[in-house]
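This report concerns only the one structure given below.
The values are calculated or read from the model by the stated rules, or taken from the named source; none is laboratory data. Predicted model only: the values in this text are computed from it and were never measured. Positions of Cβ are backbone-derived with ideal geometry, glycine not excepted, and every protein chain shown enters the neighbour counts.
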Amino acid sequence: VRRIGVFTSGGDAPGMNAAIRSVARTALHMGIECIGIRRGYHGLINCDVLPLDFESVSGISRQGGTMLYSARSKEFMVPEGREKAVGTCKLLGIDGLVGIGGDGTFRGLLELSKLGVSVVGIPGTIDNDIACSSYTIGFDTACNTALDSIDKLRDTMQSHERCSVVEVMGRHAGHLALYVGVACGATAVVVPEQDIDYEHDLMEPIRRARLSGRTHFMVIVAEGVEGGAYGVAEKIREATALDTRVTILGHVQRGGRPSSRDRVTATYMGYEAVKLLAAGESNRVICLQDDQYVDFDIADALSMKKSLDQQTYSVMRALTGMEQVRLKDQ
Ligand code: F6P
């Protein structure tokens, strides 16, 4: 392997820069040239590249976002686009590619590997929804960013004795919402993976909390829940008549200085990805399992479904009051 490419694709995540730095420096350490490909698959199709040397990735680990930009490419979805992407690899003599992103990124890598390009994926998404890996780069920072805003919201909700309904990112997954809900001591958490009985699981905990003296409430809703935060807020207003306010945290959760966990995880994953390519491996995803960095076949990884961590869900239900034993009819 003489020259590899690295790119970021899909939604960005804090820590992606640390992964880019690690890929570039590990490659150089092994005597392999590293080319940065800008704007994900779009850049690969259009030969939008910049060579990365030791200095050009210096100091990027502490920055949020991705120095290589990110994009979602429609052209790559059709065979002609993919052929062009392979053409760029041939033109530049790229022997292997590292793609950093979520499952959309990995589906693209799988297609490229079918066309003869050696590929390795690194899970980078604040959603933490890659089934083969217990952790994805960006999740920790996004949790902390959300928490920071929620703590501020609490202050004003407390002053005004209101109910706050906060929507946390996660189009298809509630991992972020669940984790944030546990960390902020929410009144209730609503995620797309788990149906709830609104009356029993949401209104009753609010009523019980009110009866024991609490006058403000914090409900965390994952973006993927039907109706979103506005739908849940409406239900609460109708059932309880509480003064309810919605906050959509949105893209703020994708920015900011990466936490140490994200920087270190990204650094390890970048290192492992280059080692695999250098060893002639292809079609692999780097994963974290039981504190060990392992790798998985991309097709196998994509066929797996990540369910919500049931232990965390049970802990959340117990501590929020959602799981109160139903009182016997008296
Ligand atoms: O997958 C990461 C994510 O931030 C999701 O949580 C969110 O639903 C989506 O990306 C938003 O995508 P975009 O930035 O394209 O609007």
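List of remarks:
- Of all the residues in segment 113-133, those that are surrounded by fewer than 24 Cβ atoms within 10 Å (Cβ to Cβ) and closer than 16 Å to VAL6 by Cα number 3.
- Evaluation of ILE122 against (1) under 17 Å from GLY270 (Cα atoms); (2) β-branched (Val, Ile, Thr); (3) within 13 Å of the ligand (Cβ to nearest atom) (one fails), failing number: (3)
- Sole exception among (1) within 13 Å of the ligand (Cβ to nearest atom); (2) of a type outside the set (Asp, Glu); (3) surrounded by fewer than 23 Cβ atoms within 10 Å (Cβ to Cβ) for ALA222, by number: (3)
- Filter pass, ARG263 being outside any helix (DSSP H, G or I) and either basic (Lys, Arg) or closer than 21 Å to THR125 by Cα (or both): no
- Of the residues making up segment 278-324, those that are of a type in the set (Ser, Thr, Tyr) and more than 20 Å from the chain's Cα centre (by Cα) are SER282, SER314, THR320.
- Residues within segment 175-204 that are away from the ligand (no atom under 14 Å from the Cβ), part of a loop (DSSP other than H, G, I, E, B) and buried (at least 22 other Cβ atoms within 10 Å of the Cβ), tallied: 2
- Residue among ARG207, ARG245, ARG257, ARG214 that alone is part of a helix (DSSP H, G or I) and of a type in the set (Lys, Arg): ARG207
- Residue list for segment 27-51, filter: within 16 Å of the ligand (Cβ to nearest atom) and in contact with a strand residue (DSSP E or B) (Cβ under 6 Å, 6 or more places away or on another chain): GLY40
- Residue match in segment 154-174 (condition: in a helix (DSSP H, G or I), more than 11 Å from the ligand (Cβ to nearest atom), over 10 Å from the mean Cα position of the chain (by Cα) and within 17 Å of GLY228 (Cα to Cα)): no
- Pair list, Cβ < 8 Å and 6+ apart or interchain, from segment 227-241 residues that are outside any helix (DSSP H, G or I) to residues that are among the charged types (D, E, K, R) and modelled with pLDDT of 95 or more: GLY227/GLU234
- Tally of residues being over 14 Å from ALA241 (Cα atoms), loosely packed, with under 14 Cβ neighbours inside 10 Å and modelled with pLDDT of 95 or more across segment 154-172: 4
- Residues that are within 12 Å of the ligand (Cβ to nearest atom) and among the small types (Gly, Ala, Ser), drawn from segment 1-26: SER9, GLY10, GLY11, ALA13
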